[in-house]
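Asker: Below is one structure. I have some questions about it.
The values are calculated or read from the model by the stated rules, or taken from the named source; none is laboratory data. Values in this document were obtained by computation on a predicted structure and should not be read as measured data. With ideal geometry, Cβ positions are generated from the backbone for all residues, glycine too; neighbour counts draw on all protein chains shown. With ligands, DNA and RNA removed, areas are computed over all heavy atoms of the protein, side chains included. Shrake-Rupley method; radii C 1.70, N 1.55, O 1.52, S 1.80 Å.
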Amino acid sequence: MYRLETAVRALRTAAPHELPETARRALARGYAADDVQLYLVDYGLTVLRPVTAPPETGHPVSVHNGPAGRAFGAQQPYLEPAGDGRARAQLPVTVRGDRLGVLSVQLPDADRARAALPELAEIAEVLGHELIVAERDTDRYLLARRTDRLTLAAEMQWQLLPGRSCARPEYELGAQLEPAYAVFGDNFDWSATADHLMLYVTNGMGEGTEASLLTNLAVNALRNARRAGLPIADQACLADQAVFAHYRGRSYLSVLMFDFELATGRARVVDAGSPLLLRLRAGRVERVDFEAQLPLGMFEETDYVAQEFEVRPGDRLVSVSDGVYEAVSPKGEVYGDGAPARAVQTTRLLPAAEVPRAVLRELTGHRGRGAPDDDALVVCLDWHGR
């Protein structure tokens, strides 16, 4: 346990930009590791990119296959033989369900590596927490996750997001935006307390930085109202006023808002011109429709009313933006409502964090290789109950 405590202490006292090197030294001293590499998943959830010291560069590995991809996808440590009696441990780097990457550690003895696996997994978890904190003070890890340059609008959108996945005993959440490096105005947000989960799915309008500015205004207005302790109907009213005061009805956006009671599954919902919502219950996928209300910012002083809704243990909710169900193939065929429902059915065995990527991968196959005309957003909520 002493070597574990020493490694954890080293990570917690390391300079923000030196976490990979600190982990490498700590694992070499305490566990005789002769090769340590930190991989971070890119914005498109396609590859794991090594965090190297400039000007060095490393080779990314796929998240879809290989030992590191297996550990990332299954969210379980994976031990593989490395020749000459050595072993390489692939360890998920995850913070409260938000999957950041993989820590790859090579050890000289396979038996000792197997015995040390629980400690190595704990070190990887601590490293994840330190990475989240370090990103306030350095761009190193944000840069490492990029396979391409982000547009200004995409930069603004990714900085606005809470994460891409989250897990608690009562629920699991996963979400993804495409095109990851050129997203416009779609967005998602969530916040949890001891008794409630608030979830927001935003379908923005417009293109480029104008779309991102509109979404930033609306999301921050919703957060401001939420942090003032207001119920979701009043949150919608205040965000509506903020958007209208700035744009005077020229621009507006749709949002679907949930306030779930964790103990009961009962929820209050505001549907302000929302994205499509599908529910998978007992093996059957069905569309869930709420009473439609006006998008935020369309008119001055719109009143919003919350509706009652309930989820049961085992339910899966999947919300998709119009960039999904209105996507058009090269032959002019619209993806439609039925295709997302089939995608939800075929991905029913995947964990919530994997579903958005799988649905968007199928959408890409329908749309072809051409540049998309609109953002595509998928949010998946698995409800376990208390």
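Asker: Hey, how much of the P(r) for the range 1-77 falls beyond 20 Å, as a percent of Cα pairs? Working shown, then result.
Answerer: Working: 1252 of 2926 pairs.
Looking at the range 1-77, the distances longer than 20 Å represent 43 percent of pairs.
Asker: When the C-alpha atoms of the range 28-72 are aligned to their principal axes, what extent does each axis show, in angstrom, from largest down?
Answerer: Cα spread of the range 28-72 along its principal axes, largest to smallest: 35, 27, 13 Å.
Asker: Moving on to the next point. Using a Debye calculation, one point per C-alpha and no hydration shell, please list log10 I(q)/I(0) for the chain at q = 0.12 Å⁻¹ in order.
Answerer: Debye intensities relative to I(0), on a log10 scale: -0.95.
Asker: Suppose each label sits 7 Å from its Cα in the direction of the beta carbon; what would the ALA115-GLU291 distance come out to in nanometres?
Answerer: Placing both labels 7 Å along Cα→Cβ, they lie 6.6 nm apart.
Asker: Right, next: Counting pairs of alpha carbon atoms under 8 Å apart in space and at least six apart in sequence, what relative contact order in percent does the chain give? All intermediate terms of the calculation are to be shown ahead of the outcome.
Answerer: Details: 841 pairs, mean separation 52.2, N = 386.
It rounds to 14 percent for the chain.
Asker: With +1 on the Cβ of every Lys and Arg and -1 on the Cβ of every Asp and Glu, and nothing else charged, how large is the dipole of the chain about its Cα centre, in debye rounded to the nearest 20?
Answerer: On the way: 42 positive and 53 negative charges, 217 e Å.
That gives the chain a dipole magnitude of about 1040 debye.
Asker: While we're on this one: With a bin width of 5 angstrom, please list the P(r) values of the range 227-368 as percents of all Cα-Cα pairs, from the 0 bin to the one holding the largest distance.
Answerer: P(r) for the range 227-368, in whole percents per bin: 2, 9, 16, 17, 17, 15, 12, 8, 2, 0.
Asker: Going through the range 1-106, which trypsin sites (Lys or Arg not before Pro) have at most 15 other Cβ atoms within 10 Å and a DSSP loop state? Could the numbers behind the result be given before it?
Answerer: On the way: sites: ARG3, ARG9, ARG12, ARG24, ARG25, ARG29, ARG70, ARG86, ARG88, ARG96, ARG99; in loops: ARG96.
Counting only loop positions with at most 15 other Cβ atoms within 10 Å, the trypsin sites (Lys or Arg not before Pro) in the range 1-106 are ARG96.
Asker: Quick one: check the C-alpha center-to-center distance for the range 142-180 versus the range 94-118, whole angstrom.
Answerer: If we compute the Cα centre of each part, the gap is 24 Å.
Asker: Further question on the same structure: Choose one of LEU152, GLY249, TYR141: the residue whose Cα lies farthest towards the positive end of the charge dipole of the chain (beta-carbon charges +1 Lys, Arg; -1 Asp, Glu; about the Cα centre).
Answerer: Result: TYR141.
Asker: Which residue, GLY128, PRO118, GLY30, has the largest displacement toward the positive end of the dipole of the chain when charges sit on each Cβ (Lys, Arg +1; Asp, Glu -1)?
Answerer: GLY30
Asker: Have a look at the range 70-114 and give its Rg and Dmax from the Cα atoms, expressed in angstrom.
Answerer: Expressed in Å, the Cα Rg and Dmax of the range 70-114 come to 11.3, 36.
Asker: For the range 272-348, calculate the relative contact order in percent as a whole number, restricting contacts to Cα pairs under 8 Å that are 6 or more residues apart.
Answerer: Numbers: 84 pairs, mean separation 26.7, N = 77.
Rounded, it is 35 percent for the range 272-348.
Asker: A further question on this structure: Subtracting the Cα-Cα distance from 0.36 nm times the residue separation, let me have the gained length for LEU230 to GLN76 in nm, one decimal.
Answerer: Working: separation 154, 0.36 × 154 = 55.44 nm, distance 3.93 nm.
That works out to 51.5 nm of additional length.
Asker: Mind checking the dipole of the range 122-182: about its Cα centre, +1 per Lys or Arg Cβ, -1 per Asp or Glu Cβ, Debye to the nearest 20?
Answerer: Values: 7 positive and 11 negative charges, 47 e Å.
In debye, rounded to 20, the range 122-182 gives about 220.
Asker: If we restrict to alpha carbons, what Rg and Dmax does the range 137-247 come to, in Å?
Answerer: Using the Cα atoms of the range 137-247, the pair Rg, Dmax is 15.0, 41 Å.
Asker: Can you give me the distance in nm between label points at THR138 and ASP303, each placed 7 Å from the Cα along the Cα-to-Cβ direction?
Answerer: Computed distance between label sites THR138 and ASP303 equals 5.5 nm.
Asker: I would also like to ask the following. If you take the Cα atoms of the range 295-352, find Rg, then find the Kirkwood Rh from the mean of 1/r over all pairs, what is Rg/Rh? Each step should come with its number before you reach the end.
Answerer: Values: Rg = 16.4 Å, Rh = 14.8 Å.
Ratio of gyration radius to Kirkwood radius: 1.10.
Asker: Now for a separate question. Across bins of 10 angstrom width beginning at 0, how are the C-alpha pair distances of the range 321-377 distributed, in whole percent?
Answerer: Per 10 Å bin, starting at zero, the Cα-Cα P(r) for the range 321-377 comes out as 24, 57, 18, 1 percent.
Asker: Right, another one. Any idea what % of Cα-Cα pairs in the range 260-343 are farther than 21 Å?
Answerer: Pairs farther apart than 21 Å: 43 percent.
Asker: What ratio of Cα Rg to 2.2 N^0.38 Å holds for the range 53-94? Working shown, then result.
Answerer: On the way: Rg = 12.1 Å, N = 42, 2.2 N^0.38 = 9.1 Å.
Taking N as the residue count of the range 53-94, the ratio is 1.33.
Asker: Express the Stokes-Einstein translational diffusion coefficient of the range 62-215 in µm² s⁻¹, to the nearest whole number, given a Kirkwood radius over alpha-carbon pairs, 4 °C and a viscosity of 1.567 mPa s. Can you show the working numbers first?
Answerer: On the way: Rh = 17.5 Å.
Once the numbers are plugged in, D ends up at 74 µm²/s.
Asker: Report the normalised scattering of the range 253-295 as log10 I(q)/I(0) at q = 0.16 Å⁻¹, calculated by the Debye formula with identical scatterers on the alpha carbons.
Answerer: For the range 253-295, the Cα-only Debye profile gives -0.49.
Asker: Sticking with this structure for a sec: Can you tell me which of 306-319, 177-190 comes out highest on packing, and rank the rest after it, using the mean Cβ neighbours within 10 Å? It would help to have the intermediate numbers written out before the result.
Answerer: On the way: 306-319: 17.5, 177-190: 24.2.
Top of the packing list down: 177-190, 306-319.
Asker: Can I ask one more? Give, in nm to one decimal, the length gained when the segment between ALA245 and ASP34 is fully stretched (0.36 nm per residue of separation minus the Cα-Cα distance).
Answerer: 70.0 nm
Asker: Need one value: the accessible area of SER321 in square angstrom, 1.4 angstrom probe, rounded to the nearest 10.
Answerer: The accessible area comes out at roughly 0 Å².
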